[in-house]
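Note sheet for the following structure.
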Amino acid sequence: MGEDQDARMGLASQVLVATAATEGSFDSFSQHLDSEWIEEALASTGCATLRRRRLPVEQVVWLVIGMGLLRNRPIAEVVRHLDLALPARDTRSVASSAVAQARQRVGSSPLEWLFVRTGSEWGHASADRHRWRGLAIYGVDGTTLRLPDSDENRDHFGGQRGIRGESGYPQLRLVVLMALRSHVLAAASFGPYAGEHHYAADLWPSVPNDSLTIVDRGFFAATVLMPLESAGTNRHWLTRARTKRKWRVVKQFSDGDALVEIDVTDHSRKQNHDLPKTWLARAITYQRKGHAEQVLLTSLTDAERYPAEELIELYHERWEIELGYDEIKTELLEREETIRSKSPDGVAQEMCGILIAYNLVRLEMEAIADDLKVTPSRISFVAALRFIRDEWHWSWITRSPGAIPRHIADMREKIRRFLLPPRRPDRSYPRAVKIKMSNYNRKRRAK
């Protein structure tokens, strides 16, 4: 990312510039991007050998990304917005059936490769720029998304089961590794509805050395956190302790700050025979006004180098990942958590496109924050996303060679008007659960 200015500029604005080219051809669209990544994604997954069609494989990659960014548009209209079809002798548009067939031919592998490549490049570069005491700050947490209720999705992904039976829709489990201070996604793991620990383990190889990963207390288990810590150099974790967790104090650093020894459960040792019987951690006790007393546990055992007061404040940055999920679900997907694809491979393809599209917006916001010399959290995701969509739509309609360069040049300047005020540290929103009940019978699939 840092080697050239073109890569540093947000890809969202690159796409805008490309789409706004005079004739909207694919050549002008692609020249503003690192085309080698797309070519390598297609070559490494065997798609580069597919014969050229009305909707070639390179354009299909951008179609899937456009589906994530232009959620409020039908897929066929996304094709028209992006001008993905190559110029032909006739003026007929690409049929919807041809778009579906093109997506099936390409499959999910190129998009998965592209997200892994771009996420690793962008996410780690972003985390590196916002370090705390020499450590890159990440967050890991999970969420779910609904899927279309097709037989394929139901059989592959499954769903939540409870006292009221099987969930109404198949559900996808998603766990991400996020650079917390910019919300850029460095890695993701998703698939059938299962425990978050399974998917978190897939992310640990993506965590760099000299880093701190913040997780919620649901991830506190020796089978989860000890591999994160031991598989690299200076890789640390920070979490909140479960209420009933017990330990023995080994050394008292100060009041409410101690080195403790924790027993590894028999269940954990059965899952991983290489785990020791005990492990050391640092326990920090604190209480905020209006809240119960809490204990943080961390592998950062050097009390002088990593002060307890700063770790307490740092832990609450974990909520940035919740805000990121809200940005994806509420804004990018427009509260339509059911994504479009009816097959497992289509779901994987579309999910990667959504994650890449989200990173595009976040990269642009980070660049604007740099220009304004503020943190990325001071830039409104809602305003940036809406403006990018509006500009994309405007460029598609006008195609005025004289007006487009000036209009695009003004984009960042206009987005700057959406600078958010600093967050108020004294605001508190305790969690509350509301249960929606219905007297109607749940709709079930026919047996």
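No value in this document is a laboratory result; all are computed from the given coordinates. Note that the coordinates shown come from a computational prediction; the quantities given were computed from them, not determined experimentally. All Cβ positions, glycine included, derive from the backbone under ideal geometry; neighbour counts span all protein chains shown.
Quick notes
- Rounded to the nearest 0.05, the FRET efficiency derived from the C-beta distance between Lys342 and His198 at R0 = 30 Å is 0.75.
- For region 131-142, 3J(HN,Hα) per residue [Karplus equation, 6.51 cos²θ - 1.76 cosθ + 1.60, θ = phi - 60°, Hz, x = Gly/Pro]: 6, 10, 6, x, 10, 6, 9, 10, x, 10, 6, x
- Dipole magnitude (debye, nearest 20) for region 164-242, charges at Cβ of Lys, Arg, Asp, Glu: 240 debye
- Low-density loop positions, GluC sites (Glu not before Pro), region 217-309 - DSSP coil, at most 11 other Cβ in 10 Å: Glu293, Glu304
- Placing a label point 7 Å from the Cα of Arg386 along the Cα-to-Cβ direction, the residues of region 351-371 with a backbone N closer than 18 Å are 361-362, 365.
- In this rough spin-label picture, where each label sits 7 Å from Cα along the Cβ direction, the His267-Lys289 distance is 3.9 nm.
- Placing pseudo-labels 7 Å out from each Cα toward the beta carbon at Thr233 and Ala98 gives an inter-label distance of 5.4 nm.
- Shape class of region 283-345 from the alpha-carbon gyration tensor: prolate, with a/c at 1.5 or above and a/b greater than b/c.
- Exceeding the 31 Å Cα-Cα cut-off - candidates Lys277/Lys329; Lys270/Lys329; Lys251/Lys373; Lys246/Lys289; Lys244/Lys342; Lys244/Lys270: Lys277/Lys329; Lys270/Lys329; Lys251/Lys373; Lys244/Lys342
- By definition, a body whose alpha carbon gyration tensor gives a ≥ b ≥ c is oblate when a/c is 1.5 or more and a/b is not larger than b/c, and region 295-388 fits this oblate description.
- Simple label model, 7 Å out from Cα along Cβ direction - Glu304 to Glu317, nm: 2.4 nm
- The overall shape of region 86-238 is oblate: from the C-alpha gyration tensor, with semi-axes ordered a ≥ b ≥ c, the ratio a/c is 1.5 or greater and a/b is no larger than b/c.
- Once the chain from Leu420 to Asp149 is taken as fully extended at 0.36 nm per residue, the excess over their C-alpha distance is 93.6 nm.
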